[in-house]
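In what follows, a single structure is set out as structure tokens and then discussed.
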Amino acid sequence: MTLRLPALLYLAFFSLAHAESERLTYTCDDGSRFEVAFSADSDGRPQANLRVAGREITLPQVVAASGASYRSGDVALHTKEEKALFSDGKSRLRSCMLADSAAATAQPAAPSAFVDIGGSVTWHATSSLPPDAVLIVRIQDTSRADAPALTLSEQRIDLGSRQVPIPFKLTIDRDLIGKNAQITVAARIERKGKLLFISDSIHRAFNDAQPRQVDIKLVPVGGARAP
């Protein structure tokens, strides 16, 4: 059976585009680097082909509020202009920049598409936490009085034998911050889904539209005793 000419032309074009896809390099705030090439799968769906820490990973494109997002399991990439957010599913979310970005050198600096919010979490307990306890820090929009808080970003930190205070840093997309948004930071400690400590105060993430240092003190819940 002979393929019709349009089909042959389509296959030739797709093969050429895939072969010549430019591979870009990003550098991240933790000093790591990764390379990515954007292409399409055999059905024409966009995807990102990552090369990171000796691994080759293909991420299909998923729906995003802005920019472009790609995800496979716990591995995720969100790109917007010359910046990117990257998670390998093992460590914290990384804020990354396109290496040798021509836009960064040829044009005046513009407001970042992403904003970093950092701080620390502390608590007091009469005994050590279980080694598998996890600290969860969330950036939330609490503006909707009749609905649960909307989580914009989350960081999970395995505590093990770590000492307080525990530093955190999360990055959110500015386009996710609505006009009437109330952006707050909340934290908790869980073990296998059981809540041990929680923040019981409101912690604003911004002061006069600028991100602020957020220091949170947790209080015990249930069997987690404090002095």
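The values are calculated or read from the model by the stated rules, or taken from the named source; none is laboratory data. In this text, all values refer to a predicted model and were calculated from it rather than measured experimentally. Positions of Cβ are backbone-derived with ideal geometry, glycine not excepted, and every protein chain shown enters the neighbour counts. In case anyone asks, the SASA skips ligands and DNA or RNA and just uses the protein heavy atoms, side chains included. Shrake-Rupley method; radii C 1.70, N 1.55, O 1.52, S 1.80 Å.
Observations
- Net +/- balance of residues flanking D116 in space, Cβ distance below 13 Å, scoring K and R +1, D and E -1: +3
- Net charge, A187 excluded, C-beta distance under 12 Å - Lys, Arg +1, Asp, Glu -1: 0
- Placing a label point 7 Å from the Cα of A64 along the Cα-to-Cβ direction, the residues of the range 113-130 whose backbone N falls under 14 Å from that point are 113-115.
- Note on R23 and N180: with the Förster distance fixed at 45 Å, the Cβ-Cβ geometry gives a FRET efficiency of about 0.60.
- Set of lysines near K192 by C-alpha distance (under 22 Å), chain-local residues within fewer than 8 positions excluded: K90, K217
- Accessible surface ranking that places the most exposed of D41, D200, D132 first, with a 1.4 angstrom probe: D200, D132, D41
- With R₀ set to 30 Å, the beta-carbon distance separating S120 from R33 gives a calculated FRET efficiency near 0.60.
- Summed over the residues of the range 58-188 and divided among them, the accessible surface reaches 53 Å² per residue at a probe radius of 1.4 Å.
- Set of lysines near K83 by C-alpha distance (under 27 Å), chain-local residues within fewer than 8 positions excluded: K169, K179
- R45-K192 FRET efficiency (beta carbon distance; Förster radius 30 Å; 0.05 resolution): 0.20
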